[in-house]
1. Residue pairs, Cβ under 8 Å, 6 or more apart or interchain, first in segment 28-53 and closer than 14 Å to VAL9 by Cα, second surrounded by 11 or more Cβ atoms within 10 Å (Cβ to Cβ) and among the aromatic types (Phe, Trp, Tyr). List them.
Amino acid sequence: MNKLALVAVSLFVIVEVLIGDCVIQGIPLWLIGLILFSFIWMGIICVKEKVKIKDSY
């Protein structure tokens, strides 16, 4: 899990550096990406927790 998180964060940082300071309607693109990444990451963790709970029964 930690290796996957490290890879995901590394990819996000690389993409952010490549894109630079792109701004969409006054909001920095990296901020939008960080928020979306957080929601996706929380979704992955929630799905894994639900699967673990179902497997335990």
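1. Correct list of pairs: GLY33/PHE12; LEU34/PHE12; PHE37/PHE12.
Here is a yes/no grid of residues against (1) exposed (fewer than 10 other Cβ atoms within 10 Å of the Cβ); (2) small (Gly, Ala, Ser); (3) at pLDDT below 75:
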position: LYS3; (1), (2), (3): yes, no, no
position: CYS22; (1), (2), (3): no, no, yes
position: ILE27; (1), (2), (3): no, no, yes
position: GLY33; (1), (2), (3): no, yes, no
position: PHE37; (1), (2), (3): no, no, no
position: TYR57; (1), (2), (3): yes, no, yes
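The values are calculated or read from the model by the stated rules, or taken from the named source; none is laboratory data. Everything numeric here is computed off the predicted structure, so don't read it as measured data. When we count neighbours, we look across all protein chains shown, and the Cβ atoms used for this are built from the backbone with ideal geometry, even at glycine.
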